[in-house]
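The values are calculated or read from the model by the stated rules, or taken from the named source; none is laboratory data. Since the structure is predicted, the reported quantities are computational estimates derived from the model, not experimental observations. No Cβ is skipped: glycine too gets one built from the backbone with ideal geometry, and neighbour counts run over all protein chains shown. Surface accessibility is based on the protein's heavy atoms, side chains included, excluding ligands, DNA and RNA. Shrake-Rupley method; radii C 1.70, N 1.55, O 1.52, S 1.80 Å.
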Amino acid sequence: MPLSLKFVSKVLFRERTITSFRHLLHATTVRMVSNGDTSFKLMNTTLQESDPELFALIQKEKKRQTNGLEMIASENFTSLSVLQCLSTCLHNKYSEGLPGARYYGGNEYIDQIEILAQKRALAAFNLNPEEWGVNVQPYSGSPANLAVYTAVVEPHGRIMGLDLPDGGHLTHGYRTATKRISSTSIFFESMPYKVHPETGIIDYDELERTAKLFKPTLIIAGISCYSRCLDYKRFRDIADQNGAILFSDMAHVSGLVAAGVIPSPFDYSDIVSTTTHKTLRGPRAGMIFFRKGVKGVNAKGEKIYYDYENKINQAVFPGLQGGPHNHAIGAIATAMLQAQQPEFVQYQKQVILNAKRLAEGLTKRGYKIVTGGTDVHLILVDFRGTGVTGGKAEKILDAVSIAGNKNTVPGDKSAFNPSGLRLGTPALTTRGLKEDDIDQVAAFIDEAIKLAKEIQVISGPKLVDYNRVLENDPAIVAKVSQLRERVENFSKDFPLPGYVDY
Ligand code: DSN
């Protein structure tokens, strides 16, 4: 390369480094540089410049997130550091295998990053690395759970999880009477346990009786919509009575567990999985923790060891996944550092205080909350007997810029027309809402539900008629838009972490 060109290319390289650094620091424009190759030019243009159509949609989504109240219990706003990791060069690298044993070269730094993520994940949950290991490669919670079953349950082996309509997750073996819905019920034989239809609390006695008959290989202690702490000791006892593995899926509550504000599944479980983006507030990814080291001593006095480590690592790769998403693993590493800070504990305490205040605010306005309240980050409102369904509640809230989701309540006959609404406080708490602000949120929700009842008087019971009135009746449209404006004005006072424009 001639000297002058070399010089130019050096300057250009420096320019790119600076601009990409600026990009990470919120810059929305990057000065274009080029080495004369048109393909290079295409590859080095900002999203805003190269794809304004998509960029505009992303900005609209950002505006929606900023202007509205995000109350979907599984969602959160991640940090600037996490977002930065997700858009780094880590994205470019293939690294099948584990640190020190990869199928590709060039993994010197990727190895260090994955080891850092593992160490910090163990530290965030206060785990002794002699007793616990972790795989940080699962793409998210569902793949993590499937990897656990693949690792330790034989094909068509038996698993027991909380039924989906009772607050369990699809991946806990969900099936209906006529159809196997989740692959975890296609590849494994699943038997659900239930909550008590009146109290909404898990019926541990029934689980104990059923487990004795079904003899599962693995029992899942985990939830997707359950507002009380799990009795992990009781789960352990039931697992032990049947020689079953106790697997806890703490995806929803892992941030609360890391902060030590609710009981930990690690005290009693053999294996624990989590997503990293819910209360844990990291990137969209998953992790599996497994016991390792000495399990006990046999009759001959010989040590016996846990054998989960290799089985789980192999189930993740090559069993179910290909190359790890290294940008997500980098982001897990930084999120797990954040999860060890005192501010994180404060945040998790506030998540619970806010959820409790939300339950109180709605209860005093006449709403029924399943289990009578909450110990965690979510509540489930039971609309049975009010004429409003979960679907109608979700729809009106959406129209006034409050995001929640319809959900079955214990005893519901149909998962397609559920009677409940799940609401969570993790995302609002990240934006800085405190109990007094939550009082205002409860008041907004109440106003919206009253509007839903008003709509129903005009529309009758069918959802399609309800939606038509909601969208077209001039008096209703005016009321909805007035409430939406107040909700959006209120929301704007609470900043979102991350990039300013997108
Ligand atoms: N979809 C998540 C939830 O909303 O609970 C779980 O995967």
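Where in the stretch 247-311 are there strands (runs of 3 or more DSSP E), lying wholly inside it, with at least 1 residues that are without any contact (Cβ under 8 Å) to a residue 24 or more places away in the chain, more than 28 Å from Ser74 (Cα to Cα) and under 23 Å from the mean Cα position of the chain (by Cα)?
Working: elements: 271-275, 286-291, 294-297, 303-305.
Qualifying strands (runs of 3 or more DSSP E): none found.
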Checklist entry - Using beta carbons and a limit of 9 Å, which pairs, at least six apart or on different chains, have the first residue in the stretch 47-76 and over 22 Å from Ser481 (Cα atoms) and open to solvent by 50 Å² or more (accessible area, probe 1.4 Å) and the second one assigned to a helix (DSSP H, G or I) and within 16 Å of the ligand (Cβ to nearest atom)? => result Glu75/Pro426; Glu75/Ala427
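Name the single residue, out of those in the stretch 77-92 being among the polar types (S, T, N, Q) and either surrounded by 13 or more Cβ atoms within 10 Å (Cβ to Cβ) or within 19 Å of the chain's Cα centre (by Cα) (or both), that is nearest to Lys278 (Cα to Cα).
Of the residues in the stretch 77-92, the ones among the polar types (S, T, N, Q) are 78-79, 81, 84, 87-88, 92.
Then drop every residue that is not either surrounded by 13 or more Cβ atoms within 10 Å (Cβ to Cβ) or within 19 Å of the chain's Cα centre (by Cα) (or both), which leaves 78-79, 81, 84, 87-88.
Numbers: Thr78: 9, Ser79: 12, Ser81: 16, Gln84: 18, Ser87: 20, Thr88: 22 Å.
Here the answer is Thr78.
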Checklist entry - Identify, please: which residue in the stretch 207-230 is in contact with a Gly (Cβ under 9 Å, 6 or more places away or on another chain) and hydrophobic (A, V, I, L, M, F, W, C) and is, among those, nearest to the ligand (Cβ to nearest atom)? => result Cys225
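Results for (1) of a type outside the set (A, V, I, L, M, F, W, C); (2) surrounded by fewer than 20 Cβ atoms within 10 Å (Cβ to Cβ), shown as yes or no for each residue.
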site	(1), (2)
His156	yes, yes
Ile159	no, no
His169	yes, no
Glu189	yes, yes
Tyr193	yes, no
Thr199	yes, yes
Pro216	yes, no
Ile219	no, no
Lys233	yes, yes
Next on the checklist: Quick check on Lys233: is it farther than 11 Å from Phe125 by Cβ and within 16 Å of the ligand (Cβ to nearest atom)?
Outcome noted: no
Next on the checklist: Would you confirm whether or not the stretch 337-345 contains a residue that is part of a strand (DSSP E or B) and surrounded by 20 or more Cβ atoms within 10 Å (Cβ to Cβ)?
Outcome noted: no
Checklist outcome for this item: Residue hits (the stretch 331-358; over 15 Å from Pro426 (Cβ atoms) and in contact (Cβ under 8 Å) with a residue 24 or more places away in the chain) are Ala331, Ile332, Ala333, Thr334, Met336, Leu337, Gln340
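Given the options Ala151, Ala147, Ala177, name the one that is touching a Leu at 6+ places or on another chain (Cβ under 7 Å) and either of a type in the set (Gly, Ala, Ser) or without any contact (Cβ under 8 Å) to a residue 12 or more places away in the chain (or both). Write out each step before concluding.
On the way: Ala151 fails: touching a Leu at 6+ places or on another chain (Cβ under 7 Å); Ala177 fails: touching a Leu at 6+ places or on another chain (Cβ under 7 Å).
Of the residues listed, the single one that is touching a Leu at 6+ places or on another chain (Cβ under 7 Å) and either of a type in the set (Gly, Ala, Ser) or without any contact (Cβ under 8 Å) to a residue 12 or more places away in the chain (or both) is Ala147.
Specify which of the listed residues (Ser185, Ser190) is in contact with a strand residue (DSSP E or B) (Cβ under 6 Å, 6 or more places away or on another chain), polar (S, T, N, Q) and without any contact (Cβ under 8 Å) to a residue 24 or more places away in the chain.
Details: Ser190 fails: without any contact (Cβ under 8 Å) to a residue 24 or more places away in the chain.
Checking each option against the conditions leaves just Ser185.
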